[in-house]
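> My structure is below; once you've seen it, I'll send some questions.
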Amino acid sequence: MDFPIYSFAPRRPAAVAIEAQRLGPGSSILQVPPHGYVFFELLLISAGSGLVMVDGVTHVALPGSVFAIAPGTAHDARGLAKASGWPRRT
């Protein structure tokens, strides 16, 4: 599978690469086709449900679901339009 790998550069060189954004209506993550990162991402579902693709496998995401996505792993959250939670990149 060919997909882009996105980087994240902390503002300070000694900082750990962490970014958090809200998952819900209008979230940019809901519009990005399959992609990966150079860092870990944690995707936590707190309400609603949907589908998330990780490494070519589609999973049902329910409240309490946590997805640990390794660096360089393709994932697609566009099926989570009716879910909310936190994708957290570490």
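> Residues Val54, Val60: which one is over 15 Å from Gly24 (Cα atoms), surrounded by 18 or more Cβ atoms within 10 Å (Cβ to Cβ) and in contact with a Ser or Thr (Cβ under 9 Å, 6 or more places away or on another chain)?
Answer to the selection: Val54.
> A further question follows. Please identify the pairs in which a residue from the stretch 59-78 that is closer than 14 Å to Ser46 by Cβ and at pLDDT below 95 has its Cβ atom under 9 Å from the Cβ atom of a residue that is charged (D, E, K, R) and crowded, with 18+ Cβ neighbours inside 10 Å, counting only partners at least 6 apart or on another chain.
From residues that are closer than 14 Å to Ser46 by Cβ and at pLDDT below 95, the pairs are Phe67/Glu41.
> Does any residue in the stretch 17-36 that is surrounded by 13 or more Cβ atoms within 10 Å (Cβ to Cβ) and among the hydroxyl-bearing types (Ser, Thr, Tyr) come within less than 7 Å, Cβ to Cβ, of a residue that is modelled with pLDDT under 85 and not in a strand (DSSP E or B) six or more places away or on a different chain, and which pairs are these?
Qualifying pairs under 7 Å: Ser27/Gln21.
The values are calculated or read from the model by the stated rules, or taken from the named source; none is laboratory data. Because the structure is a prediction, the values reported are computed rather than measured. Positions of Cβ are generated from backbone atoms using ideal geometry, with glycine treated the same way; all protein chains shown enter the neighbour counts.
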